[in-house]
Structure formats: structure tokens, C-alpha cells
Amino acid sequence: QVQLVESGGGLVQPGGSLRLSCAASGSIFSIYHMGWFRQVPGKEREFVAGISWTGGSTYVGDSVKGRFTISRDNAKRTVYLQMNSLKPEDTAVYSCAARRLTFTTRPDGYNYWGQGTQVTVSS
């Protein structure tokens, strides 16, 4: 099993930037594909970005393409989400998740989740 803890959320003005971190403990981090998801009350969880276990492949959702970047440092057991040019519609709880075997953008395909971190984009 793997335990995940997100950090880096907060309040930022439109056009600003934030970097979220997701620190893993427990099982061998480097064998897990990682994903970032976000959710607002009353809406389904949305795929934001994902990265393969080697870091060689990355995936970004259409709504954040060109603004968000995902990366990982397996030595530090951490995955990052760099968020630039933030918009009010990016406001949500952001969670990281982990799964083995094949990569997927479906949230129900992930076995392990962090508790989430709030990102609020507002002036």
C-alpha cells in the first residue's frame, strides 16, 4: 500500500501560479502511475494530469492543457503539479492518486488517494 499527502494549496489571484506536491510513503513509489484530480461540490471528479511510473509519459486534461504540468521525483517519492495562469474555474479540491499496472484517466481506476488540498483562485 501507499499513503499520499498533498500540500501546496491555497488562495491565489487569477493569472497566478501554485505548485502542488504529493508525498508518498509506504510501498515502492516508483512502481505507481500517479494522477491529479480535482473536484468541486456537486460535480464529478475531474482528471487534471497524470504521469507514468517512469515519468516518461505525461497526460494533461483538456481544460488545463498548456497551463498545468505534472512531474515526479522518484528519489523524493513526490509528484508535483505546476499550475500557471490560474483561472477562477480552477478552484477545487485537488487530490493525488496512485495505481499500478496500466495508466488511466478514470478516477475509479485508482486504488490510493490523498486527502486533498484546496485551491482557490479569486481576486
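The values are calculated or read from the model by the stated rules, or taken from the named source; none is laboratory data. Predicted model, so just to flag it, every value in this text is computed and none were measured. So basically every Cβ, Gly included, is an ideal-geometry build from the backbone, and we count neighbours across all protein chains shown. We work out accessible area using only protein heavy atoms, side chains counted, and drop any ligands, DNA or RNA first. Shrake-Rupley method; radii C 1.70, N 1.55, O 1.52, S 1.80 Å.
If you scan the stretch 53-76, which residues turn out to be open to solvent by 70 Å² or more (accessible area, probe 1.4 Å) and either in a loop (DSSP other than H, G, I, E, B) or touching a helix residue (DSSP H, G or I) at 6+ places or on another chain (Cβ under 6 Å) (or both)? Spell out the reasoning first.
At the first step, the residues of the stretch 53-76 found to be open to solvent by 70 Å² or more (accessible area, probe 1.4 Å) are 53-54, 58-59, 62, 65-66, 69, 75-76.
Listed by number, the residues that qualify are Trp53, Thr54, Lys65, Gly66, Ala75, Lys76.
Out of the residues in the stretch 25-50 meeting the condition of being open to solvent by 10 Å² or more (accessible area, probe 1.4 Å) and of a type in the set (A, V, I, L, M, F, W, C), tell me which one is nearest to the chain's Cα centre (by Cα).
Step by step, filter the stretch 25-50, then rank; the result is Phe47.
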